[in-house]
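First up is the structure itself, then whatever we jot down about it.
The values are calculated or read from the model by the stated rules, or taken from the named source; none is laboratory data. Small disclaimer: the values here were computed from a predicted structure and weren't measured. Glycine gets a Cβ as well: all are built from the backbone with ideal geometry, and neighbour counts include every protein chain shown.
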Amino acid sequence: MIKLAISGSRGKMGQRIINVAQADKDFKIVTLLERKGHIDIGIKVNGAKVTDDIEEIKNSDVLVEFTTPEATMEHLKICLKYKKPMVIGTTGLSPEQKKDIESASKEIAIVLSPNMSLGVNLLFKLIEEAANKLSKDYRVGITEAHHAHKKDAPSGTAKKIADIIEEARKEQVKDIKSIREGEIVGDHEVVFESQFDTIKISHFAKTRDIFAKGALSAAKWVIHKKKGLFSTQDILR
């Protein structure tokens, strides 16, 4: 049984990861992390206590992290200290923070992905193929929509999509639209448009459970790695 630590455990994603993990016999939740001063510090969720003591990560086999860049970097230090693998779904990481994660992966195994959904990672593949095969006569636009509480824009997934297209076409994607309203889970659409036709490739998330399931699949996979930096694409191979 995999002993699981969940960071940001009282947030929207954290609660979905808890619910999905509880239904999976391969996991036992042992550590639920939250920020200092959170109202739920000290309560128990199915036997695991919500805590702000990041040293508790040492009791787990793997940490699943969907929080802020700042919290992620603090938890990275503890995972390095105790040689614990991480699954990082945090977005909005700076280039310097990504370099720190890459450096840490020389000692521990880390799965880093802006989107843990299987469907979105298949979307990446379709976009890559389209970007490689369509001529530069096609104008490219990306639109992403998320709930009103999401802090970073564009989303990490939209940035990843732009990176894929830019790598294929060797030119910058300038048209990226971000929408923040209501409780949208996560919508992404890429449009390739010429004077003759329009091609749309899109993914619309119905529930955060797709990200939770993907993160837990990554947790099962990464515990068998000694070190290295991986993406969801590596898990799908």
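Within the stretch 97-131, the residues that satisfy the criterion of being in contact with a His (Cβ under 8 Å, 6 or more places away or on another chain) and buried (at least 21 other Cβ atoms within 10 Å of the Cβ) are S117, V120, L123.
Say whether the condition of being under 20 Å from H203 (Cα atoms), surrounded by fewer than 17 Cβ atoms within 10 Å (Cβ to Cβ) and among the aliphatic types (A, V, I, L, M) is met by at least one residue in the stretch 173-181.
Yes, the stretch 173-181 contains a residue that is under 20 Å from H203 (Cα atoms), surrounded by fewer than 17 Cβ atoms within 10 Å (Cβ to Cβ) and among the aliphatic types (A, V, I, L, M).
Let's see how each residue does on (1) at pLDDT below 95; (2) under 30 Å from E102 (Cα atoms):
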position: H149; (1), (2): yes, yes
position: S178; (1), (2): no, yes
position: G186; (1), (2): yes, yes
position: I201; (1), (2): no, no
position: R208; (1), (2): yes, yes
position: F211; (1), (2): yes, yes
position: V222; (1), (2): no, yes
position: L229; (1), (2): no, yes
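Here is a list: D100, D40, D52, D61. Which entry is under 16 Å from L216 (Cα atoms) and among the acidic types (D, E)? Result: D61 is the single residue among D100, D40, D52, D61 that is under 16 Å from L216 (Cα atoms) and among the acidic types (D, E). Here E107, E102, E167, E96 are screened, and the one residue that is of a type in the set (D, E) and not assigned by TED's automatic domain parsing to the domain that holds T67 is E167.
Among the residues of the stretch 132-162, the ones that are out of contact with any helix residue (DSSP H, G or I) (no Cβ under 7 Å at 6 or more places or on another chain) and β-branched (V, I, T) come to 1 in all. Of the residues examined, A158 is one that is closer than 30 Å to K12 by Cα and either touching a residue at least 24 places away in the same chain (Cβ under 8 Å) or surrounded by 13 or more Cβ atoms within 10 Å (Cβ to Cβ) (or both). Considering the stretch 79-96, the residues that are hydrophobic (A, V, I, L, M, F, W, C) and farther than 18 Å from D163 by Cα include one that is surrounded by the most Cβ atoms within 10 Å (Cβ to Cβ), namely V87.
Does the stretch 139-146 include one or more residues that are part of a loop (DSSP other than H, G, I, E, B), in contact (Cβ under 8 Å) with a residue 12 or more places away in the chain and surrounded by fewer than 19 Cβ atoms within 10 Å (Cβ to Cβ)? Within the stretch 139-146 (the criterion being part of a loop (DSSP other than H, G, I, E, B), in contact (Cβ under 8 Å) with a residue 12 or more places away in the chain and surrounded by fewer than 19 Cβ atoms within 10 Å (Cβ to Cβ)), the answer is no, since none of the residues qualifies.
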